[in-house]
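Contents: one structure, followed by commentary.
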Number of protein chains: 2
Amino acid sequence: MNKKPIGIFDSGVGGLTVYKEIREQFPNEDIIYFGDTARVPYGPKSKNNVIKYSIQNARFLIQQGAKIIIVACNTSSSVALPALRELVEVPVIGVIQPGVRSAIKHTINKKIGVIGTEGTIKSEAYQKAIQNLDKSCEVFSAACPMLVPLAEEGWIDHEVTHLIIAEYLSVLLQKKIDTLVLGCTHYPILKSAIKKIVGDNVNLVDSAIEVAKQLEEKIIHRGESQKGSSKFFVSDKTEKFKTIGKSIIGENVSPIQNVKLGESWYLT
Amino acid sequence: MNKKPIGIFDSGVGGLTVYKEIREQFPNEDIIYFGDTARVPYGPKSKNNVIKYSIQNARFLIQQGAKIIIVACNTSSSVALPALRELVEVPVIGVIQPGVRSAIKHTINKKIGVIGTEGTIKSEAYQKAIQNLDKSCEVFSAACPMLVPLAEEGWIDHEVTHLIIAEYLSVLLQKKIDTLVLGCTHYPILKSAIKKIVGDNVNLVDSAIEVAKQLEEKIIHRGESQKGSSKFFVSDKTEKFKTIGKSIIGENVSPIQNVKLGESWYLT
């Protein structure tokens with residue numbers, strides 16, 4: 001038994017797609033979530049800064065008692081996992097490996113597409129991880145910098161959304177991918193729009209679901225029969241986190257507390 | 001005579017639209033530009049954080065010798081000018097007042113539209129400044145969070161760009177505005193797309209041009225006949241700053257140096 005909470009962090013609100021799956025599969029666990037809304041987005045930022053921010057976020061969660069850290073951000077998982085695993089004293093789970101395993105399991109023609117932020121795609125983290133497990137897979141990737149702002153704007157089923165997704169995916173679809181990894185935790189928000197563009201013959205891999213599965217292998221359960229608590233922390237204002245968050249998890253995101261992270265961090 | 005440089009800062013690359021006008025009008029002045037690419041965008045961030053970042057940016061420019069600070073960022077100009085003027089020992093020029101004066105000069109039917117980031121629009125800085133100068137003006141504003149990512153993606157003349165602009169401007173056009181303030185230094189990048197949507201009967205106010213005009217009233221010239229130098233600093237990686245920057249100013253953005261700003265700042 002380990003009564004400590006599960007810690008989850010993301011650059012902002014997107015990681016709540018991961019929170020939602022974990023909350024559903026582990027109803028009796030306590031969960032703390034940190035969204036780094038003061039420094040969002042991580043996608044276009046440099047590797048060094050994303051590593052620095054990720055370490056600060058993980059340390060904050062550990063100070064809050066986390067027994068395991070879920071990096072619910074693909075950009076951070078792409079570049080910061082080695083540093084995190086070296087510097088942090090609890091197990092760390094990223095979103096890349098679970099997504100990769102699921103993609104390899106589902107693909108039949110061995111042509112896998114990956115979409116993500118500029119940082120994730122540039123790191124080639126998915127490509128390397130897929131070919132590490134199965135050299136016969138071909139990987140086609142596309143950076144989609146407009147999708148996070150679209151999801152945050154709430155244009156879930158908008159004409160513009162369909163046009164943008166069609167444009168980003170056109171090359172991948174020409175390559176006849178049969179599996180597409182949603183390589184950013186924001187993207188499940190746009191899942192039905194993406195499904196419309198790719199059609200029924202392409203499997204969508206939602207890392208959120210896969211991460212929750214992998215967590216089952218690593219977690220030492222709280223061992224309590226009553227419902228676990230949820231606490232949310234953000235590093236900047238809470239309004240958008242509340243509204244978009246509610247649309248993701250289907251209930252109020254509460255309680256939310258502000259925290260300042262920087263060279264050092266402090267609660268406000 | 002004052003041989004010190006003019007200091008300009010923005011959250012990122014958008015302020016180069018202001019740099020460009022100042023460089024053209026003041027060819028003999030030295031200019032230093034700081035783009036806070038580690039913390040971009042400012043638009044969705046809280047007022048307190050934008051004020052903190054703005055003060056750090058201005059202090060950095062002053063340490064580099066700036067004789068005057070141009071806040072080439074509407075979000076920062078909307079919320080941080082009073083704090084900057086209190087804490088900073090050189091004159092500070094924002095982008096709001098120059099845009100407002102120009103809008104009032106150009107409007108005939110006294111219906112002025114303002115577009116900007118969430119932070120700028122929420123602050124109502126334009127509305128207050130316009131009605132302070134001319135109570136008979138009606139102001140209609142719209143937050144346009146997708147325009148900065150669009151400009152940064154380089155989709156200057158894309159079908160999606162026209163659809164998004166048309167959607168954001170539809171209410172303002174229904175209100176029969178005859179003047180539209182581009183209340184974000186990124187927006188002049190999309191000027192021709194915006195012009196296509198609003199047509200020839202709406203004046204576009206580009207703050208960059210207006211700021212350069214106001215600077216003439218405040219500046220003590222360098223008094224040298226040879227060309228002034230330009231130096232650029234950014235707080236995160238430089239690739240995008242270089243490519244988008246070049247498309248804005250029409251020549252290479254050089255030299256660029258990295259600097260870390262935080263609780264304290266240091267050059268790298």
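Condition first: under 21 Å from B:Leu173 (Cα atoms), small (Gly, Ala, Ser) and within 14 Å of chain A (Cβ to nearest Cβ). Now tell me which residues in region B:131-159 satisfy that.
Once the filter is applied, which keeps residues that are under 21 Å from B:Leu173 (Cα atoms), small (Gly, Ala, Ser) and within 14 Å of chain A (Cβ to nearest Cβ), region B:131-159 yields B:Ala142, B:Ala143.
Which count do you get for residues in region B:250-264 that are over 21 Å from A:Tyr42 (Cβ atoms) and surrounded by fewer than 19 Cβ atoms within 10 Å (Cβ to Cβ)?
Of the residues in region B:250-264, 8 are over 21 Å from A:Tyr42 (Cβ atoms) and surrounded by fewer than 19 Cβ atoms within 10 Å (Cβ to Cβ).
Could you pull out the residue among A:Val40, A:Val79 that is assigned to a loop (DSSP other than H, G, I, E, B) and not polar (S, T, N, Q)? Show your work before the answer.
Values: A:Val79 fails: assigned to a loop (DSSP other than H, G, I, E, B).
Just one listed residue meets the conditions, A:Val40.
Would you confirm whether or not region A:75-92 contains a residue that is open to solvent by less than 40 Å² (accessible area, probe 1.4 Å), under 19 Å from A:Ile256 (Cα atoms), assigned by TED's automatic domain parsing to the domain that holds A:Gln226 and touching a Gly at 6+ places or on another chain (Cβ under 7 Å)? Working first, answer last.
Taking region A:75-92 as the starting set, the residues that turn out to be open to solvent by less than 40 Å² (accessible area, probe 1.4 Å) are A:75-81, A:83-84, A:88, A:90, A:92.
Narrowing further to those that are under 19 Å from A:Ile256 (Cα atoms): none.
Looking for residues that are open to solvent by less than 40 Å² (accessible area, probe 1.4 Å), under 19 Å from A:Ile256 (Cα atoms), assigned by TED's automatic domain parsing to the domain that holds A:Gln226 and touching a Gly at 6+ places or on another chain (Cβ under 7 Å), one finds none in region A:75-92, hence no.
For residues that are surrounded by fewer than 24 Cβ atoms within 10 Å (Cβ to Cβ) and either over 23 Å from A:Gly43 (Cβ atoms) or touching a residue at least 60 places away in the same chain (Cβ under 8 Å) (or both), scanning just region A:108-130, find the one that is nearest to the other protein chains (Cβ to nearest Cβ).
To start, the set of residues in region A:108-130 that are surrounded by fewer than 24 Cβ atoms within 10 Å (Cβ to Cβ) comprises A:108-111, A:118, A:122-124, A:127-129.
Those left that are additionally either over 23 Å from A:Gly43 (Cβ atoms) or touching a residue at least 60 places away in the same chain (Cβ under 8 Å) (or both): A:108-111, A:118, A:123.
On the way: A:Ile108: 33, A:Asn109: 30, A:Lys110: 31, A:Lys111: 26, A:Glu118: 8, A:Ser123: 13 Å.
Per the criteria, the residue is A:Glu118.
A:Lys45: part of a loop (DSSP other than H, G, I, E, B), buried (at least 24 other Cβ atoms within 10 Å of the Cβ), of a type in the set (Lys, Arg) and in contact with an Asp or Glu (Cβ under 8 Å, 6 or more places away or on another chain), yes or no?
Working: part of a loop (DSSP other than H, G, I, E, B): yes; buried (at least 24 other Cβ atoms within 10 Å of the Cβ): yes; of a type in the set (Lys, Arg): yes; in contact with an Asp or Glu (Cβ under 8 Å, 6 or more places away or on another chain): yes.
Yes: the conditions hold for A:Lys45.
Taking region A:142-192 as the region of interest, how many residues are buried (at least 22 other Cβ atoms within 10 Å of the Cβ) and more than 20 Å from A:Thr120 (Cα to Cα)?
1
Of these, B:Leu173, B:Leu180, B:Leu163, B:Leu204, which one is over 14 Å from the mean Cα position of the chain (by Cα), under 17 Å from B:Ile115 (Cα atoms) and either within 14 Å of chain A (Cβ to nearest Cβ) or acidic (Asp, Glu) (or both)?
On the way: B:Leu173 fails: either within 14 Å of chain A (Cβ to nearest Cβ) or acidic (Asp, Glu) (or both); B:Leu180 fails: either within 14 Å of chain A (Cβ to nearest Cβ) or acidic (Asp, Glu) (or both); B:Leu204 fails: either within 14 Å of chain A (Cβ to nearest Cβ) or acidic (Asp, Glu) (or both).
Among B:Leu173, B:Leu180, B:Leu163, B:Leu204, only B:Leu163 is over 14 Å from the mean Cα position of the chain (by Cα), under 17 Å from B:Ile115 (Cα atoms) and either within 14 Å of chain A (Cβ to nearest Cβ) or acidic (Asp, Glu) (or both).
Take the residues in region A:243-257 that are away from every other protein chain (no Cβ under 14 Å) and assigned to a helix (DSSP H, G or I), then tell me which one is farthest from A:Gly154 (Cα to Cα). Let's see the steps before the verdict.
Initial filter on region A:243-257 (away from every other protein chain (no Cβ under 14 Å)): A:245-255, A:257.
After this cut, where a residue has to be assigned to a helix (DSSP H, G or I) as well, the list is A:245-249.
On the way: A:Gly245: 11, A:Lys246: 12, A:Ser247: 9, A:Ile248: 11, A:Ile249: 14 Å.
Only one residue tops the list, namely A:Ile249.
For region A:229-237, state whether one or more residues are hydrophobic (A, V, I, L, M, F, W, C) and in a loop (DSSP other than H, G, I, E, B). Steps first, answer last, please.
Quick first cut of region A:229-237, residues hydrophobic (A, V, I, L, M, F, W, C) only: A:232-234.
Now narrow it down to the ones that are in a loop (DSSP other than H, G, I, E, B): none.
No: zero hits.
Quick test of your reading of the structure: B:Glu216 fulfils all but one of (1) of a type in the set (D, E, K, R); (2) more than 21 Å from B:Tyr42 (Cα to Cα); (3) not assigned by TED's automatic domain parsing to the domain that holds B:Val13. Name the failing condition by number.
Tallying (1) of a type in the set (D, E, K, R); (2) more than 21 Å from B:Tyr42 (Cα to Cα); (3) not assigned by TED's automatic domain parsing to the domain that holds B:Val13, B:Glu216 fails exactly one: (3).
Quick check on region B:194-212. Is at least one of its residues among the small types (Gly, Ala, Ser) and surrounded by fewer than 23 Cβ atoms within 10 Å (Cβ to Cβ)? It would help to see each step written out before you state the result.
Taking region B:194-212 as the starting set, the residues that turn out to be among the small types (Gly, Ala, Ser) are B:199, B:207-208, B:212.
Narrowing further to those that are surrounded by fewer than 23 Cβ atoms within 10 Å (Cβ to Cβ): B:199, B:212.
Taking every residue of region B:194-212 in turn, at least one turns out to be among the small types (Gly, Ala, Ser) and surrounded by fewer than 23 Cβ atoms within 10 Å (Cβ to Cβ).
Which ones in region B:68-91 are of a type outside the set (Gly, Ala, Ser) and under 11 Å from the mean Cα position of the chain (by Cα)? Quick ask: steps written out before the conclusion?
Of the residues in region B:68-91, the ones of a type outside the set (Gly, Ala, Ser) are B:68-71, B:73-75, B:79, B:81-82, B:84-91.
If the condition is that a residue be of a type outside the set (Gly, Ala, Ser) and under 11 Å from the mean Cα position of the chain (by Cα), then B:Ile70, B:Val71, B:Cys73, B:Asn74, B:Thr75 are the ones that fit.
Name the single residue that is nearest to the other protein chains (Cβ to nearest Cβ) among those in region B:97-107 being part of a helix (DSSP H, G or I) and in contact (Cβ under 8 Å) with a residue 60 or more places away in the chain.
Here is the first cut: in region B:97-107, the residues part of a helix (DSSP H, G or I) are B:97-106.
Narrowing further to those that are in contact (Cβ under 8 Å) with a residue 60 or more places away in the chain: B:97-103, B:106.
Numbers: B:Gln97: 26, B:Pro98: 28, B:Gly99: 24, B:Val100: 26, B:Arg101: 31, B:Ser102: 29, B:Ala103: 26, B:His106: 30 Å.
Here the residue is B:Gly99.
Step by step: first the residues of region B:219-242, then only those that are open to solvent by 70 Å² or more (accessible area, probe 1.4 Å) and in contact (Cβ under 8 Å) with a residue 24 or more places away in the chain, then the one that is farthest from the other protein chains (Cβ to nearest Cβ). Which residue is that? Don't jump to the end; show me each part of the working.
Quick first cut of region B:219-242, residues open to solvent by 70 Å² or more (accessible area, probe 1.4 Å) only: B:220-221, B:225-227, B:231, B:239, B:242.
The next check asks that each one be in contact (Cβ under 8 Å) with a residue 24 or more places away in the chain; those that pass are B:220-221, B:225-227, B:231.
On the way: B:Ile220: 36, B:His221: 38, B:Ser225: 40, B:Gln226: 36, B:Lys227: 32, B:Lys231: 20 Å.
Among residues in region B:219-242 that are open to solvent by 70 Å² or more (accessible area, probe 1.4 Å) and in contact (Cβ under 8 Å) with a residue 24 or more places away in the chain, the one farthest from the other protein chains (Cβ to nearest Cβ) is B:Ser225.
Filter region A:22-42 down to the residues that are of a type outside the set (Gly, Ala, Ser), under 30 Å from B:Glu153 (Cβ atoms) and either within 14 Å of chain B (Cβ to nearest Cβ) or open to solvent by 10 Å² or more (accessible area, probe 1.4 Å) (or both) and list them by number. Spell out how you get there, then give the answer.
First, pick out the residues of region A:22-42 that are of a type outside the set (Gly, Ala, Ser): A:22-34, A:36-37, A:39-42.
So of that shortlist, the ones also under 30 Å from B:Glu153 (Cβ atoms) come out as A:33-34, A:36-37, A:39-42.
Result: A:Asp36, A:Thr37, A:Arg39, A:Val40, A:Pro41, A:Tyr42.
The values are calculated or read from the model by the stated rules, or taken from the named source; none is laboratory data. Only a predicted model underlies this, so the values are computations on that prediction, with no experimental measurement involved. As a convention, Cβ positions derive from the backbone with ideal geometry for all residues, glycine included, and neighbour counts pool all protein chains shown. SASA here: full protein model, heavy atoms, side chains in, ligands and nucleic acids out. Shrake-Rupley method; radii C 1.70, N 1.55, O 1.52, S 1.80 Å.
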